[in-house]
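> First, the structure itself, so that you have it in front of you.
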Amino acid sequence: MNLRVEVEREDDKRWIAEIPALPGVLVYGQTRQEAIAQVKALALRLLADRLEHGENVPEADEIGLRMLARVAKHTGLSPDDL
């Protein structure tokens, strides 16, 4: 799974950021940096929610150990538990 962030500027000057590999993870921001920060936060919340509810999450080598560690921190789990 590729957690690449795609960013575009809309005609109305807002920025839109999304992570195509996670359907529904799409946000608008007034600045490019704001949109990127918000889409990353949304992705972390989505992954944490999936973990908390026993749903599948991408393998560690697919999303990167740093992101997995962040998800574990937000859920109170150890990265080894994932």
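The values are calculated or read from the model by the stated rules, or taken from the named source; none is laboratory data. Please read all numbers here as calculations on a predicted model, not as lab measurements. In this analysis, Cβ positions are derived from the backbone assuming ideal geometry, glycine residues included, and neighbour counts consider all displayed protein chains.
> Could you please let me know if V7 is surrounded by 15 or more Cβ atoms within 10 Å (Cβ to Cβ) and not in a loop (DSSP other than H, G, I, E, B)?
When the stated conditions are applied, V7 does not pass them.
> Among the residues of segment 10-27, how many are out of contact with any Phe, Trp or Tyr (no Cβ under 7 Å at 6 or more places or on another chain) and surrounded by fewer than 17 Cβ atoms within 10 Å (Cβ to Cβ)?
Counting residues in segment 10-27 that are out of contact with any Phe, Trp or Tyr (no Cβ under 7 Å at 6 or more places or on another chain) and surrounded by fewer than 17 Cβ atoms within 10 Å (Cβ to Cβ) gives 9.
> Tell me which residues, restricted to segment 1-33, are touching a strand residue (DSSP E or B) at 6+ places or on another chain (Cβ under 7 Å) and modelled with pLDDT under 90.
Answer for segment 1-33, where residues must be touching a strand residue (DSSP E or B) at 6+ places or on another chain (Cβ under 7 Å) and modelled with pLDDT under 90: just P20.
> Restricting to segment 22-36, count the residues that are outside any loop (DSSP other than H, G, I, E, B) and within 16 Å of R4 (Cβ to Cβ).
5
> Against the condition at pLDDT 70 or above and β-branched (V, I, T), how does I36 come out, does it pass?
So I36 passes the test.
> Also, I was wondering about something else. Please work out which residue is nearest to the chain's Cα centre (by Cα), limiting yourself to segment 22-44 and to residues that are in contact (Cβ under 8 Å) with a residue 24 or more places away in the chain and closer than 22 Å to K73 by Cα.
A43
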